[in-house]
Each structure stands twice: as C-alpha cells, then as structure tokens.
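A.B. asks: Sharing a structure below in structure tokens format, with a few things to ask.
The values are calculated or read from the model by the stated rules, or taken from the named source; none is laboratory data. Quick caveat, the model's predicted, so the values are computed rather than measured. Here the Cβ is made from the backbone with ideal geometry for all residues, glycine too, and neighbour counts use every protein chain on show.
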Amino acid sequence: MRRNHISLKYAQQCLELSCNGARVLRPELGPPPEASETLIDRALDAPLGTPALEQIVRPGEKVLIVTSDITRYTASELYLPRIVQRLSRAGIRDEDMEILIALGIHRKQSDQEHQRILGPLYGRIRVTDHDCDDPKELRHLGTTPAGIDVLINRRALEADRLIVTGTAGFHYFAGFGGGRKGLIPGIAGRQTCMDTHFSVFNPPEQGGKHPLATAGVLEGNPVHENLLAAARMLQPDFLLNTVLSPSKGILGVYCGELEAAHLAACDQIRTLYAAPLEAPADLALVSCGGHPKDINFIQAHKALDYGVRALKPGGTLILLAACPDGFGNATFIDWFRHRDLETFEAALRQDYEINGQTAYATLDKALRFDLILISELSRQQTEAMGMRKALDLKEALAMADDRLPQNPVRLIIPDGGSVLPGLKN
C-alpha cells in the first residue's frame, strides 16, 4: 500500500484510497494477543460463574452446542473443536453431540457454509439448521414476566446439556450482540423473535424509539432485558463468546455463566471499539469491514448506524457494502412503501417484523443525512431506501463533494461494522 493511502474492505477485496486531509478512525487494539488456542484454552480452564465443562457434563448425556450462522464470523472453526475435545475427554460420545446453527430468522446454510462454520468437525459431529417457522421443531417453553411466549427449538429442551457460543460486538438496538442473542432470537420461533425485539419502541401513547435501545447500552435497554429474560428460561449450562479483531483474529475469549461471561466480553468491546471524537465530521467514508459484515444490507446497516454518529446534522456518509446476498430478507424492501416515519412506525406497531425495524432505522437515517451507497444493489433498490447509488469510490466522492461545505471535516472508518464513534463529553 502506498504512503498516505488506506485499504478499505469490500466483500472479499480491498479498495485503495488516499487519506490525505482525512482522519482515520480505528480501534486501539494494542499489542498482538496470544495464540488463539491459548486464549480459548485459558478461558475454558477458568470459566466465570460456572465449573469447567468437564465438571458439568457426564458420560452418556446428550449435549447441544449452539453457534452462529455465516453472517456472523465468530472463529467457530477454532473454538468448536476445542469444546468438543473437552467433551470427548469427559466421556461424551460424538453421536451424543449436536451443533445447532442459530439462524434466528435468517436463511438456511449450504453444505459449504456448514463446513466453514464447523471446520475440522464437519462430517464428524451432526449439524442442524434452526428453522423458526417449523412448528414440529418448536416447543413452548413458557412466558416471560413481560408476557412474551417463548417458543424454542426442541433440541435445546431435549438435550441434557446446552452450550451456547458466538461473538460479542455492538448491536444497534440490542446494545451488544452475543450472549443471550445466541438463544433468542438464535434458536427461537419467529413470533418470539418479533415479540422480544418489538420493545425497541416506546409505549404507543408516547411513540418513537426507546432512547436506551441503542448500541453499547445494556442497563435499561428494554430489548436486551426481554432477550435476557427469555434466554434465562432455557437455563443454558455454558457460554463461550469471542471478541475479534477487524481482521477476524481472536482478541479475547470469555466462558462461563450466560450473563457473567457475556458482560465480560462486552467490557472488552467497549474498551477496544468505542472511538471518541473531538468534533463531528461533514463526510464519513465507512467500510463495513468486508465479508461477512457486508454479506447483505441488513448486516451492513450496522456500520451505517454506527457511522452516522460521527456526522454533523445533514452530513454525508459513503457506505462500502457489497451486499452479494441482496437485502438479507425477502420482504425488507417492501417496507419502504412507507415514506415518513410516523406512518412507518404505525405499520410496525400493527405488524412488527425485525427486518421492518431495520428498514425503519434506514429510512430514519436517510431522512437526516445524505447517504451514498456503493454496493451490488441496483440504483432502483438503493433509491427506494432513500440513498444515492455510486458505482465506485471515485464517483461517490465526486457526488459527496457537490454537497460539502468549504474545508470540510473528513473521516474514514475502515471497520465500520465494529467501531462505535461518539463525541467526547
């Protein structure tokens, strides 16, 4: 890479850009961590709030391991074999283990994707995709204090031991990903997914989005509280969450009790990825961080949501998001028939969908900022979301220049799907 240039990830490739005159907002990751295997083993040796796995399981028990789908890289191909190794040492047979892919409401995975998720375990340990719409595969677990019926994959109830795995990171309205989200919505029925996420809105008489349903906030966040209440009903035996670098290396591993281990992972995310700003920018150029963070628009939206926090009101954001899988949900684009937020919110309150919530959040930002998208989506699809389409970086920067003030403040965020900008107090 040339001096004063930066590489921005776009799907599986890198695009080079001059960064002269622009601030580059990066996480402060510190020195390289220890080997991944060392970090995983150390966390498994000293879990938070639970005994070690080898002390939890007994020979002859059936063990279900839940892990994320391909839209969320978690380093599963590294930690799943080490979990299985310990289970084997404790007397659990391969045929008594199963890996359940926490699809939530996402599409099923291909054999190739299963192979990438399981790594060397593929073909050895049985793997199944969760299906949120198959009544034969779901069981009613009970009702949360908030009145939410919890429908869950039957395998989680039929197993003697339940292990949930994934990665922690900021989430634009649940506060953080990881932890309880591996179960709810990961292996929940569709209506449970919708009901737990619906609390992103204030009560009807107040209207609008709940102010604490936002990235980096857990305390008082009603979405987080609903997810956690439902997940606790499953009484999982063990959690493993990774914290990853932008290049997908393991920076931290946290094991143990569902909430304790997740909170520890969230603390590291805050330390590494919350990025303070002295002043907001006129222009932010944001890469999601490449595949799989820009596999579809619903995933890429997280980088968009974080990135606009760095802008002045009415500022311009250029988003690099390839979206080879399109929007990520067949009905996502249909929600943009609503062109104002009041009508949109009323429609969501009548018939809530999580992808509709993402569409609502997209339109909200499109109405407040100038958004330019570089992706595989068509011009018609891009404009339907209230955004302008650019074919490449050169065109996007020219489009942005037409609306920028003199001597604009420019910002580049190479890992927009991970970094959360915020103004200093």
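A.B. asks: Looking at Ala359, Ala390, Ala384, Ala366, can you tell me which residue is over 29 Å from Gly175 (Cα atoms), modelled with pLDDT of 95 or more and either buried (at least 19 other Cβ atoms within 10 Å of the Cβ) or outside the structural domain of Lys209 (by TED's automatic domain parsing) (or both)?
C.D. replies: Numbers: Ala359 fails: over 29 Å from Gly175 (Cα atoms); Ala384 fails: over 29 Å from Gly175 (Cα atoms); Ala366 fails: over 29 Å from Gly175 (Cα atoms).
Result of the check over Ala359, Ala390, Ala384, Ala366: Ala390.
A.B. asks: Here are some residues: Arg116, Arg124. Which one is surrounded by fewer than 17 Cβ atoms within 10 Å (Cβ to Cβ), farther than 27 Å from Ile56 by Cα and either among the acidic types (Asp, Glu) or touching a residue at least 12 places away in the same chain (Cβ under 8 Å) (or both)?
C.D. replies: Arg116
A.B. asks: Tell me, please, whether a residue that is buried (at least 23 other Cβ atoms within 10 Å of the Cβ) and in contact (Cβ under 8 Å) with a residue 60 or more places away in the chain can be found in the range 84-98.
C.D. replies: Looking for residues that are buried (at least 23 other Cβ atoms within 10 Å of the Cβ) and in contact (Cβ under 8 Å) with a residue 60 or more places away in the chain, one finds none in the range 84-98, hence no.
A.B. asks: May I pose another question? Identify, from the list Glu342, Glu376, Glu395, Glu353, the residue that is closer than 22 Å to Phe201 by Cβ, surrounded by fewer than 19 Cβ atoms within 10 Å (Cβ to Cβ), in the same structural domain as Lys312 (by TED's automatic domain parsing) and not aliphatic (A, V, I, L, M).
C.D. replies: Glu342
A.B. asks: Within the range 5-49, restricting attention to residues that are within 23 Å of the chain's Cα centre (by Cα) and among the charged types (D, E, K, R), which residue is surrounded by the most Cβ atoms within 10 Å (Cβ to Cβ)?
C.D. replies: Lys9
A.B. asks: Quickly run through the range 400-423 and pick out the residues that are more than 26 Å from the chain's Cα centre (by Cα) and in contact (Cβ under 8 Å) with a residue 40 or more places away in the chain. It would help to see each step written out before you state the result.
C.D. replies: Restricting attention to the range 400-423, the residues satisfying the condition of being more than 26 Å from the chain's Cα centre (by Cα) are 400-410.
Ala400, Arg403, Leu404, Pro405, Pro408, Val409, Arg410 - these are the residues of the range 400-423 that are more than 26 Å from the chain's Cα centre (by Cα) and in contact (Cβ under 8 Å) with a residue 40 or more places away in the chain.
A.B. asks: Mind checking whether some residue in the range 156-176 is over 28 Å from Arg126 (Cα atoms), of a type in the set (A, V, I, L, M) and within 18 Å of the chain's Cα centre (by Cα)?
C.D. replies: Yes, the range 156-176 has at least one match.
A.B. asks: Where in the range 232-299 are the strands (runs of 3 or more DSSP E), entirely inside, with at least 2 residues that are surrounded by fewer than 24 Cβ atoms within 10 Å (Cβ to Cβ)? Break it down into steps so the answer makes sense when it comes.
C.D. replies: Numbers: elements: 238-244, 250-256, 274-277, 281-287.
The qualifying strands (runs of 3 or more DSSP E) are 250-256, 274-277.
A.B. asks: Could you list all residues from the range 127-152 that are polar (S, T, N, Q), without any contact (Cβ under 8 Å) to a residue 60 or more places away in the chain and closer than 27 Å to Ser199 by Cβ? Write out each step before concluding.
C.D. replies: Our first condition is that a residue be polar (S, T, N, Q); within the range 127-152, this holds for 128, 143-144.
Cutting the leftovers down to without any contact (Cβ under 8 Å) to a residue 60 or more places away in the chain gives us 128, 143.
The one that is polar (S, T, N, Q), without any contact (Cβ under 8 Å) to a residue 60 or more places away in the chain and closer than 27 Å to Ser199 by Cβ: Thr143.
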